[in-house]
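Here's the structure we're looking at; comments come further down.
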Amino acid sequence: MKEFKRYLVTSALPYANGPVHIGHLAGVYIPSDIYVRYLRLRGKDVVWVCGSDEHGVPITIKARTEGVTPQDIVDKYNAMIKDSFAKLGISFDIYSRTTSPVHAETASAFFRTLYDKGEFTEQTTMQYYDEEAKTFLADRYVMGTCPHCQNERAYGDQCEKCGSTLNPTNLINPRSTITGSAPVMRETTHWYLPLDRHEAFLREWILEGHKEWKANVYGQCKSWLDLGLQPRAVSRDLDWGIPVPVEGAEGKVLYVWFDAPIGYISATKELTPDWEKYWKDPETKMVHFIGKDNIVFHCIVFPAMLWAHGDFILPENVPANEFLNLESDKISTSRNWAVWLHEYLEEFPGKQDVLRYVLCANAPETKDNDFTWRDFQARNNNELVAVLGNFVNRALVLTGKYFDGVVPAAGQLTDHDRDVLAEMPQLRRSLEENIENYRFREALKDAMSFARLGNKYLADTEPWKVYKENPARVATILNVSLQITANLAVAIEPFMPFTAEKILAMLALSKPAWERLGEQDLITAGHKIGTAELLFEKIEDSVIELQLQKLADTRKVNTENSKDAVVEPQKGSIAFDDFGRMDIRVATVMAAEKIAKTKKLLKLKIDTGFDKREIVSGIAEYYSPEELIGRQVLVLVNLEPRELKGVLSQGMILMAQDPATGRLALMSPDSKIGPGAVVK
């Protein structure tokens, strides 16, 4: 593995039209904070940059809705997000914003360099235009009826009721959100980044040069490349954003996807006059932390921009996480289905590390995961209180009781003592390997293993029983226990910095260097420790019930709002014999994969109990291949075979469509049953 002189770490810029929620934290900010804190503890030269993404249509729409300016909106949420991050201990070197003068200058210069090099193409297209407002309409400024679920308030880029991706021209009866009038089509000219020019380079750089990337990242990049890259517009007709810095571009601004990643560069420029060594020196390792919805921008689009510019290094890794759900439902800002960070900090004062711990322990590193309040409570009570807090408390209380708070000298070590102490360097090696390979869940287990090691050691040696007959032996036991405690404080610092600080304060100990992690003499005999205090407290059922009730109230509101959902009327009657000819069986999904050059289709290999066959199903928007494998589904097995995208589909998976959201859901038996079972 190549050694680098320095590190540049970036985290996806949160959009400044709302607060941060636990999905953002689990996907991006807690993993990157762990990684950066670890690098700093190792004494590495590292810069970590982030900031608010403050341009784009959703911000202008929110401003219009609230009767304020876009600047008012971004000022409000930038301050809220920055404050929440700081209170959670997210330790950016700089948290900037894309409305800063430095960013405007940097983004304009970046565009101009590519423009002067001939890296853009100009294209004239038809776009909706509001004749009353005398302005072109971005996707979000066009509203109409969704062609899929008949929602009359679908936007030009997406229907928020059924989740379908749309173009403004897909809408039925489109209207301008500015004036309410019907828009007309007019010509408009924009600049495009021709990604197809860079496809060969990107294919070699990613598919051959970065096979070590996480499977979800590598796989999504391969899918995009296999489909063939297309030019992407870099300008839009708006009055909110960075003006396109060329003649004839009046009324046009940089498209937010082009503007935002340059924010990493401008934030670094704000931070240090030596910014170029972090962006232009090949001895720098650049790592992007993002969620899976940003993979294409950080692995294909932004690298193409940097490559076309010619002066910048490219990312070495992009460890994107999957999504975190909330109580088995997708987190949704529009439906207020989220745990908001600023509210958590108010309702759970002093419990920053509990949230950090739970979100890391349950991080969606390889697949979508689910946050539940019961799991939050259980992890706090059964792991942080009963394991970590219990061990530290016992080690310090027993030292205070038997040795007046003075670290006793270790006498002759037994084989058991030596075995316990020998485990600590092994835990360190595993911890480091997991962090450096972005396996933070496993790394957290390694850090917690110091506490588990200590608890088991105390349970095995029982110093409270030994003291009367052999106080010298207890001195050794507590010396070993305090060494484990000091090591624990070092090991958990990247994950739970507030807890690490408390442990060191109780030990009256300065922070040992990371390089000493695993050593047996982090705390010396004769050292006077402080007073033991509880690190964590149990979370009672009543506290969790309040949070569950809060979500129940939100769900009730969402249900009330969806009562106007269109339910399809009953179809005409059929004879019983017609139904009898349908052979519906329970089947098990053995394998699943996306079909190239499609957005909705999956190829499933299923076990029907009497054969194994392939079925093509249009559910890729709702289920990933990974979560389908091993799942039981209902299949119409005697449907006439049909070839779809070169695959002979032999049957149909049965689904149900929610009339309120349009979402498709699989039908499955409520308990495990043998493949081939007949549905009657």
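The values are calculated or read from the model by the stated rules, or taken from the named source; none is laboratory data. No experiment lies behind these values; they were computed from the predicted model shown. Virtual Cβ from ideal backbone geometry, glycine too; neighbours counted across all protein chains shown. Areas reflect the complete protein model, heavy atoms only, side chains present, ligands, DNA and RNA absent. Shrake-Rupley method; radii C 1.70, N 1.55, O 1.52, S 1.80 Å.
Let me confirm something: among 428, 452, which residue is under 37 Å from the mean Cα position of the chain (by Cα), of a type in the set (D, E, K, R), in a helix (DSSP H, G or I) and crowded, with 21+ Cβ neighbours inside 10 Å? Talk me through it step by step, then tell me what you get.
Working: 452 fails: crowded, with 21+ Cβ neighbours inside 10 Å.
Just a single option satisfies the conditions, and that option is 428.
In segment 525-534, the qualifying residues are those that are loosely packed, with under 13 Cβ neighbours inside 10 Å and within 29 Å of residue 412 (Cβ to Cβ), and the one that is nearest to the chain's Cα centre (by Cα) is 528. The residue that is farthest from residue 347 (Cα to Cα), among those in segment 550-583 that are open to solvent by 100 Å² or more (accessible area, probe 1.4 Å), at pLDDT 65 or above and within 40 Å of the chain's Cα centre (by Cα), is 561. Pairs meeting the criteria (first residue in segment 120-140 and under 17 Å from residue 168 (Cα atoms) and surrounded by 15 or more Cβ atoms within 10 Å (Cβ to Cβ), second residue small (Gly, Ala, Ser) and modelled with pLDDT of 90 or more, beta carbons under 7 Å, at least 6 apart or on different chains) are 130/176; 130/181; 137/176.
Among the residues making up segment 59-69, a single one is open to solvent by less than 50 Å² (accessible area, probe 1.4 Å) and either within 24 Å of the chain's Cα centre (by Cα) or modelled with pLDDT of 95 or more (or both): 59.
Could you go through segment 227-239 and let me know if any residue there is over 18 Å from residue 299 (Cα atoms) and outside any strand (DSSP E or B).
Residues of segment 227-239 over 18 Å from residue 299 (Cα atoms): 235-239.
Still in the list and also outside any strand (DSSP E or B): 238-239.
Among the residues of segment 227-239, at least one is over 18 Å from residue 299 (Cα atoms) and outside any strand (DSSP E or B), which makes the answer yes.
When residue 256 is tested against (1) open to solvent by 20 Å² or more (accessible area, probe 1.4 Å); (2) at pLDDT 95 or above; (3) touching a helix residue (DSSP H, G or I) at 6+ places or on another chain (Cβ under 9 Å); (4) more than 16 Å from residue 371 (Cβ to Cβ), just one condition goes unmet, and that condition is (2).
So in segment 624-637, with the set limited to residues that are surrounded by fewer than 19 Cβ atoms within 10 Å (Cβ to Cβ) and in a loop (DSSP other than H, G, I, E, B), which one is modelled with the highest pLDDT? Please lay out each step first, then the result.
Within segment 624-637, the first condition is being surrounded by fewer than 19 Cβ atoms within 10 Å (Cβ to Cβ), and the residues that meet it are 624-627, 629-631, 636.
Pick out the ones that are also in a loop (DSSP other than H, G, I, E, B) and you get 624, 629-631.
Values: 624: 75, 629: 81, 630: 78, 631: 84.
So, considering only residues that are surrounded by fewer than 19 Cβ atoms within 10 Å (Cβ to Cβ) and in a loop (DSSP other than H, G, I, E, B), the one modelled with the highest pLDDT is 631.
Within segment 332-351, residues that are closer than 15 Å to residue 376 by Cβ sit with their Cβ atoms under 6 Å from residues that are open to solvent by 60 Å² or more (accessible area, probe 1.4 Å) and of a type outside the set (Asp, Glu), at 6+ positions apart or across chains, in these pairs: 345/87.
Give segment 3-14 a look and list any residue that's more than 14 Å from the chain's Cα centre (by Cα) and either modelled with pLDDT of 95 or more or within 19 Å of residue 88 (Cα to Cα) (or both), or say none.
In the first step, residues of segment 3-14 are kept if they are more than 14 Å from the chain's Cα centre (by Cα); the result is 3-9.
Within segment 3-14, 4, 5, 6, 7, 8, 9 qualify.
Please determine, by comparing only the residues of segment 584-609 that are under 28 Å from residue 669 (Cβ atoms), of a type outside the set (Val, Ile, Thr) and not in a strand (DSSP E or B), which one is modelled with the lowest pLDDT.
Looking only at segment 584-609, we keep the residues that are under 28 Å from residue 669 (Cβ atoms), and these are 584-595, 600-609.
With of a type outside the set (Val, Ile, Thr) added as a condition, the list becomes 585, 587, 590-594, 600-605, 607, 609.
Subsequent filtering for residues that are not in a strand (DSSP E or B) retains 600-601, 609.
Values: 600: 76, 601: 86, 609: 87.
Top of the filtered list is 600.
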